[in-house]
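As C-alpha cells, the structure follows; a few thoughts come after it.
The values are calculated or read from the model by the stated rules, or taken from the named source; none is laboratory data. Keep in mind that what you see is a predicted model, and the values were worked out from it rather than measured. Don't worry about glycine lacking a Cβ; one is built from the backbone with ideal geometry, like all the others, and counts go over all protein chains shown.
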C-alpha cells in the first residue's frame, strides 16, 4: 500500500504517490549503546515499511526492536559470518540482507545505520527530492551531508578524518550493493552511483557513548577489520592500558549549535559522562592536514576528499 504523504515546510504542501522501503541492520544494540530505536523512529514517517535485519545478539536487542510500536517494522533474523574478518565486509553483507528483504515494488530504498538519525526538519526536503527524482533515469540515489558527533552530544568532529557526504537513499535496483564496510553503495560491477546532493543532513552518533561502552565497542569491532590472532593480540594490549575510550585523542572538534532530532531528547538528557575540550586547540598530524582543514573551514573546499559516488 502506498503512503499518501502530506508534508508542511514553510507552508509548502505536497502529496506523493510512491513507495519507500527503509532498511537497517543491528546486532548487540544494548551492549554497545546504539541509538537504534531513535534511528528507526527518525525515518518512520518517510517510509512505507522498515526492514530491520537482526543479528545474533548476546543481549536484549530483539526485545528492544520489538518494543517499537509501528506496524511498518518487519524483522528478519541473521547470523553474522565470523569468517568475514577483512575490511568490515560483514557489515556490507548484513546491509545487503536487509536491502534484499525490501518490497520488490518500492521506488526508493532508505538506508539508515543504527547510529544515524534524520532530523524531522529535513523530512519535507527528503520527500520533495524523492518525488522530484523518482522517474529521473539519470539519478541512482540521493546524497546527504553529514554531522559527526564526537565525545558528547555537544560537539561535532570537523576535521578531515570525517566523511562529509554519503548516499542514504537509492533507487530500487537489484544491481546496487553495499560497498566495502557498508559506508556507501555501488553497482555490483564496481561503478559508482549517480547521485543528487540534497539539502539535508544525517546525524551520526557513532562516537557518542559513555567512555566505558565506547571502549567495549571500539575493542570488539576491531575483529571485523583483521585476522583473529591479530585482533586478539591488539585487544589484549589495549585492555592492559585502560577500560575507557580516550576521547581527547582527536584532531579537531567544534560546538554543535543546532538542535537534535526530537526522538533523541531522552538520550541527550541522560549523558552521564564528562567530556570537555578546548575547541580552539587543534591536533593535526602535519602542515598538510592543517592546510586542508583551513581550506574546508574558510572556503568550504575539501580537495582530495574521497567520494564514493558521481554527483550530477
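This table checks each residue for (1) part of a loop (DSSP other than H, G, I, E, B); (2) buried (at least 17 other Cβ atoms within 10 Å of the Cβ).
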{"position": "34", "(1), (2)": "yes, yes"}
{"position": "38", "(1), (2)": "no, yes"}
{"position": "45", "(1), (2)": "no, no"}
{"position": "52", "(1), (2)": "no, yes"}
{"position": "69", "(1), (2)": "yes, no"}
{"position": "91", "(1), (2)": "no, yes"}
{"position": "105", "(1), (2)": "yes, no"}
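Here residue 231 meets the list (1) at pLDDT below 90; (2) surrounded by 10 or more Cβ atoms within 10 Å (Cβ to Cβ); (3) out of contact with any helix residue (DSSP H, G or I) (no Cβ under 6 Å at 6 or more places or on another chain) almost entirely, failing just condition (3).
Among the residues of this structure, residue 81 counts as one that is surrounded by fewer than 17 Cβ atoms within 10 Å (Cβ to Cβ), in contact with a helix residue (DSSP H, G or I) (Cβ under 7 Å, 6 or more places away or on another chain) and over 25 Å from residue 210 (Cα atoms). Scanning the range 178-191 for residues that are in a strand (DSSP E or B) and touching a helix residue (DSSP H, G or I) at 6+ places or on another chain (Cβ under 6 Å) yields a count of 1. Considering 122, 153, 133, the condition of being at pLDDT 95 or above and surrounded by fewer than 20 Cβ atoms within 10 Å (Cβ to Cβ) is satisfied by 153 alone.
Each row is one residue, and each column tells you yes or no for (1) in contact with a strand residue (DSSP E or B) (Cβ under 6 Å, 6 or more places away or on another chain); (2) under 21 Å from residue 90 (Cβ atoms); (3) touching a residue at least 12 places away in the same chain (Cβ under 8 Å).
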{"residue": "111", "(1), (2), (3)": "yes, yes, yes"}
{"residue": "116", "(1), (2), (3)": "yes, yes, yes"}
{"residue": "126", "(1), (2), (3)": "yes, no, yes"}
{"residue": "155", "(1), (2), (3)": "yes, no, yes"}
{"residue": "161", "(1), (2), (3)": "no, no, yes"}
{"residue": "166", "(1), (2), (3)": "yes, yes, yes"}
{"residue": "175", "(1), (2), (3)": "yes, no, yes"}
{"residue": "186", "(1), (2), (3)": "yes, yes, yes"}
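Summed over the range 192-221, the residues that are part of a helix (DSSP H, G or I) and touching a helix residue (DSSP H, G or I) at 6+ places or on another chain (Cβ under 9 Å) give a count of 9. For the range 225-247, which positions are assigned to a loop (DSSP other than H, G, I, E, B) and either more than 30 Å from residue 280 (Cβ to Cβ) or free of Cβ contacts under 8 Å to residues at least 40 places away in the same chain (or both)? Selection gives 226, 227, 242, 243, 244, 245, 246.
Restricting 270, 288 to those that are out of contact with any strand residue (DSSP E or B) (no Cβ under 8 Å at 6 or more places or on another chain), surrounded by fewer than 12 Cβ atoms within 10 Å (Cβ to Cβ) and either modelled with pLDDT of 95 or more or over 23 Å from residue 164 (Cα atoms) (or both) reduces the list to 270. Taking the listed residues 199, 140, 220, the one that is modelled with pLDDT of 95 or more, over 15 Å from the mean Cα position of the chain (by Cα) and surrounded by fewer than 18 Cβ atoms within 10 Å (Cβ to Cβ) is 199, with no other qualifying.
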